[in-house]
Amino acid sequence: MKRIRFVIVAGMVAAAWSTCALAAAAWGQQAQTASQTAARDAATSLHQLYGTISRVEGSQLTIEARDQHMVQVDATAAIKSYRTIILTVGRSINVLGSYDEKGVLHAQAIQRAKSSSAGWPPDH
């Protein structure tokens, strides 16, 4: 009888250990998947940037941001969806879009902004 109880208890402990190991593995996979999803969402999240157009070549722009760094903008999607203003050098604009892995901002919408950067809200 003691031998049967020992076998049953040992079997229950082994089953519990196995269940814990499977749960830990599943949690690890969920954490990794959540991390990958967060990285992908960050890459595709929308950003808002204010600046002044310094160059226009077709649907490709270069804008000077308020901190004087130059940002490449692809306005193709904004132009196709009629969500842009007339793009001329020297005009202050607000660009809404997402960055690609090369740092190019793909604009979904472009609108005019106040000419003075003092009136621009923070970029994000």
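Here, each number is a calculation from the coordinates, and none is a lab measurement. None of the values given here were measured: they were computed from a predicted structure. With ideal geometry, Cβ positions are generated from the backbone for all residues, glycine too; neighbour counts draw on all protein chains shown.
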If R0 is 25 Å, what FRET efficiency do you get for ARG66 and GLN108 from their C-beta distance, rounded to 0.05? 0.75
ASP100-ASP123 pseudo-label distance in nm [points 7 Å out on the Cα-to-Cβ vector]: 1.9 nm
